[in-house]
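Engineer: Here's a structure for you.
The values are calculated or read from the model by the stated rules, or taken from the named source; none is laboratory data. Just so you know, these numbers come straight off a predicted model, no measurement behind them. Counting neighbours? That spans all protein chains shown, and the Cβs are built from the backbone with ideal geometry, glycine included. Surface accessibility is based on the protein's heavy atoms, side chains included, excluding ligands, DNA and RNA. Shrake-Rupley method; radii C 1.70, N 1.55, O 1.52, S 1.80 Å.
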Amino acid sequence: MTFQEVLESHPQPTGLDRNALLRCIEECLDCAASCTGCADADLAEDDVREMLRCIRLCLDCADACDATGRIVTRQTAPDLRLIRAIVEACAVACLACAEECDRHAAHHEHCRLCAEACRRCKKACDDLLATIGKVVETSWLSAG
């Protein structure tokens, strides 16, 4: 059984697009692991002192992605303001980490791969934010 099956069997799912939600969760979990692995690999590099900012941003991004993946997975009685805020923060962390990893990608393969994972996660976050915007707009229009 996968988390996708668990999510699909939820008795009270959110009104968010399920595919966008699942993609965001998957990319957040993958990005968290990729960033953690990249930070660890940075620590083993001969130029570790030059990697300090990369290590910091990778760890920050991993934490943001981990928290976002867990919060977005919860379906019962969501507060879309909170979900929007955490997904926006995750997208910002992913962009910052990707940009920093790009600076080292020519000489560290793990940074190149991490930057790619961050960009995929940012895209999934942006897609989920668009879905949240549509749900909020629909709710506001039906309330008015």
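Engineer: Considering only the range 60-69, I want to know if a residue exists there that is in a helix (DSSP H, G or I), β-branched (Val, Ile, Thr) and open to solvent by 20 Å² or more (accessible area, probe 1.4 Å). So that I can check it myself, show each step before the final result.
Structural biologist: Within the range 60-69, the first condition is being in a helix (DSSP H, G or I), and the residues that meet it are 60-69.
Next, from what is left, pick out any that are β-branched (Val, Ile, Thr): 68.
Subset that is open to solvent by 20 Å² or more (accessible area, probe 1.4 Å): none.
Taking every residue of the range 60-69 in turn, none turns out to be in a helix (DSSP H, G or I), β-branched (Val, Ile, Thr) and open to solvent by 20 Å² or more (accessible area, probe 1.4 Å).
Engineer: Any idea how many residues of the range 21-59 are farther than 29 Å from Thr76 by Cβ, part of a helix (DSSP H, G or I), open to solvent by 30 Å² or more (accessible area, probe 1.4 Å) and of a type in the set (Asp, Glu)?
Structural biologist: Number of matching residues: 2.
Engineer: What number of residues in the range 42-75 are of a type in the set (A, V, I, L, M, F, W, C) and over 24 Å from Cys125 (Cβ atoms)?
Structural biologist: Step one: of the range 42-75, the residues of a type in the set (A, V, I, L, M, F, W, C) are 43-44, 48, 51-52, 54-55, 57-59, 61-62, 64-65, 67, 71-72.
Next, only the ones that are over 24 Å from Cys125 (Cβ atoms) stay: 43-44, 48, 51-52.
Residues in the range 42-75 being of a type in the set (A, V, I, L, M, F, W, C) and over 24 Å from Cys125 (Cβ atoms): 5 in total.
Engineer: Does Leu113 qualify as being surrounded by fewer than 18 Cβ atoms within 10 Å (Cβ to Cβ) and over 19 Å from Cys24 (Cβ atoms)?
Structural biologist: On the way: surrounded by fewer than 18 Cβ atoms within 10 Å (Cβ to Cβ): yes; over 19 Å from Cys24 (Cβ atoms): yes.
Spelling it out, Leu113 is indeed surrounded by fewer than 18 Cβ atoms within 10 Å (Cβ to Cβ) and over 19 Å from Cys24 (Cβ atoms).
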